[in-house]
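Notes to accompany the following structure.
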Amino acid sequence: ELANAADCYFSGHFNAGLPNAFGEYDETPEIMQQELADFAGRGFLNALGGCCGTTPEHITALAQAANTGAPRALPEPRHAQRLSGLEPFSISEESLFVNVGERCNVTGSAKFKRLVLEGDYNTALEVAREQVENGAQVIDINMDEGMLDAHHAMQTFLNLIASEPEISRVPIMIDSSKWDVIETGLKCVQGKGIVNSISLKEGEAPFLQQAKLCKRYGAAVVVMAFDESGQADTAQRKTEICARSYKLLTETAGFAPQDIIFDPNIFAVATGIEEHNNYAVDFIEATRWIKQNLPHAKVSGGVSNVSFSFRGNNPVREAIHSVFLYHAIDAGMDMGIVNAGQLAIYDELPAE
C-alpha cells in the first residue's frame, strides 16, 4: 500500500533477528539473505543496510539479495485522499460514497450523551463499534457539551478507541467547534484522520493558522462554507466561500487539494419558511460546482440535518435522506455524516 502511494524512496536497515537471552543475534547471513530476497525481488527497496547484529558478511549477503530485483520506481502521482486508522483507507474519484458514522456525537445522540456524562465510556465504546459493524468507514467523534470537560472526554474516548482494533482500524473524524479540543484529539489519534472543521468565520489569519496545524498533524480537513458574514445559505455564497478557502489552502497554506473536504452546509427543508425550500437543491448545485471547479477536493455534509423538521418520524426522515443522497451523490458528493445502520435504499422506497 505504501509503495503504491509514497512519492519518496524506501530504505531498509535490518537486524540479524531479535536479540536472544544473552543479547546476541542468531540470524546468519544466509538466513537474512533468504528472508530479504522476496522483499527485494518485489521491487520495494531503493537502499538497504544492516543494523543490530549484522557483520560485513551479513551486508554482503544483503547486497546479493538486493540483486534479485530492480530498485523501486517512484509511482505516478494519484490525487487520492489517503486516510488511515490501523488500516489504510483511500478515497479516489472512482470510490463509492463514504459513510461517516454520526452516533458518537453528544450533540446528536441522546444515548451517547447520557453515557459520556455518566462516565460510562465502555458502553459508549459500543456505540462506536456498532457504527463500524454497520458499515461506517470513518467515525465522527464530538464532545461539545456544556456540562462536559470536552478535553478530558475527547482524550479518554480516543484512547479507548485506540485499544480496540475492531474500531480503530477505521479513520477518526475529530469534530468540535473549539479548536483547542480538536488539537487535543489530534494528539491522541494515530494514523491520518480528519478535522471537522475549520472556516473563515473569524477571518483569514486564524483560518490559515489552523490549516497549517492540521497539515503539521497530518490530518485532512473539513472546511465549512462559513465566512466573516456568516453561514452560506445560497448556492452562490457556498461556491464563493469554498473557492476562496481553496485558494488560501492550496496557495498560502500549502495544503494538498485532495486533503480538503468542503461542507457546503446542509440545512433543514420543510420548515414552513419559503426561503428554506431550496436548501437541499442549493447544496447539490454547490457540490456540482465544487467538483467541476476545485480540482481533487472532496465534498461532505451532515445528512441528518436535511430532515430535521421531521424529527420523531424516522420512516420519513430515512426516506428524505435516501432521496437527498441519491441526487447529491450524482452531483459528486463524496462522503456524508450518517447513521450507518439506517440508510434506506433509494430504489426500494415506497412511491407514497
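A compact table of results
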| item | result |
| --- | --- |
| Residues that are of a type in the set (Gly, Ala, Ser) and farther than 14 Å from residue 284 by Cα, drawn from segment 323-352 | 340, 341, 344, 351 |
| Pair list, Cβ < 7 Å and 6+ apart or interchain, from segment 288-301 residues that are touching a residue at least 60 places away in the same chain (Cβ under 8 Å) and within 15 Å of residue 96 (Cα to Cα) to residues that are in a loop (DSSP other than H, G, I, E, B) and among the acidic types (Asp, Glu) | 298/334; 300/334 |
| Yes/no for residue 54 being assigned to a loop (DSSP other than H, G, I, E, B) and of a type in the set (S, T, N, Q) | yes |
| Residues within segment 235-276 that are surrounded by fewer than 16 Cβ atoms within 10 Å (Cβ to Cβ) and of a type in the set (Ser, Thr, Tyr), tallied | 2 |
| Residues located in segment 265-280, provided they are under 26 Å from the mean Cα position of the chain (by Cα) and either without any contact (Cβ under 8 Å) to a residue 12 or more places away in the chain or closer than 9 Å to residue 307 by Cα (or both) | 267, 268 |
| Filtered residues of segment 99-126 (kept if assigned to a loop (DSSP other than H, G, I, E, B) and either of a type outside the set (A, V, I, L, M) or farther than 24 Å from residue 299 by Cα (or both)) | 102, 103, 104, 107, 108, 109, 118, 119, 120 |
| First in segment 323-339 and more than 21 Å from residue 104 (Cα to Cα) and free of Cβ contacts under 8 Å to residues at least 24 places away in the same chain, second anywhere and surrounded by fewer than 20 Cβ atoms within 10 Å (Cβ to Cβ) and not polar (S, T, N, Q), Cβ under 8 Å, 6 or more apart | 326/346 |
| Test: residue in segment 313-325 that is farther than 22 Å from residue 140 by Cα, over 26 Å from the mean Cα position of the chain (by Cα) and not aliphatic (A, V, I, L, M) | yes |
| Yes/no for residue 163 being within 26 Å of residue 339 (Cβ to Cβ), of a type in the set (Ser, Thr, Tyr) and at pLDDT 95 or above | yes |
| Looking only at segment 286-326, and only at residues there that are farther than 24 Å from residue 245 by Cβ and among the charged types (D, E, K, R), the one that is surrounded by the most Cβ atoms within 10 Å (Cβ to Cβ) | 317 |
| Among the candidates 83, 48, 36, residue that is outside any helix (DSSP H, G or I), free of Cβ contacts under 8 Å to residues at least 60 places away in the same chain, at negative phi and buried (at least 18 other Cβ atoms within 10 Å of the Cβ) | 48 |
| Selection status of residue 148, modelled with pLDDT of 95 or more, surrounded by 15 or more Cβ atoms within 10 Å (Cβ to Cβ) and over 20 Å from the mean Cα position of the chain (by Cα) | yes |
| Qualifying residue in segment 62-83 (condition: modelled with pLDDT of 95 or more and of a type in the set (Gly, Ala, Ser)) | no |
| Residue in segment 163-186 that is over 21 Å from residue 301 (Cβ atoms), loosely packed, with under 15 Cβ neighbours inside 10 Å and of a type in the set (S, T, N, Q) present | yes |
| Segment 166-182 - residue that is of a type in the set (A, V, I, L, M, F, W, C) and out of contact with any strand residue (DSSP E or B) (no Cβ under 7 Å at 6 or more places or on another chain) and, of those, nearest to residue 338 (Cα to Cα) | 167 |
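A quick yes/no check of all residues on (1) more than 30 Å from residue 98 (Cα to Cα); (2) in contact with a Ser or Thr (Cβ under 9 Å, 6 or more places away or on another chain); (3) among the β-branched types (Val, Ile, Thr):
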{"residue": "11", "(1), (2), (3)": "yes, no, no"}
{"residue": "21", "(1), (2), (3)": "yes, no, no"}
{"residue": "39", "(1), (2), (3)": "yes, no, no"}
{"residue": "46", "(1), (2), (3)": "yes, yes, no"}
{"residue": "61", "(1), (2), (3)": "yes, yes, no"}
{"residue": "65", "(1), (2), (3)": "yes, no, no"}
{"residue": "70", "(1), (2), (3)": "yes, no, no"}
{"residue": "73", "(1), (2), (3)": "yes, no, no"}
{"residue": "78", "(1), (2), (3)": "no, yes, no"}
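The values are calculated or read from the model by the stated rules, or taken from the named source; none is laboratory data. What you see is a predicted model, and the numbers here were worked out from it, not measured in a lab. Reconstructed Cβ throughout: ideal geometry from the backbone, glycine too, with neighbour counts over all protein chains shown.
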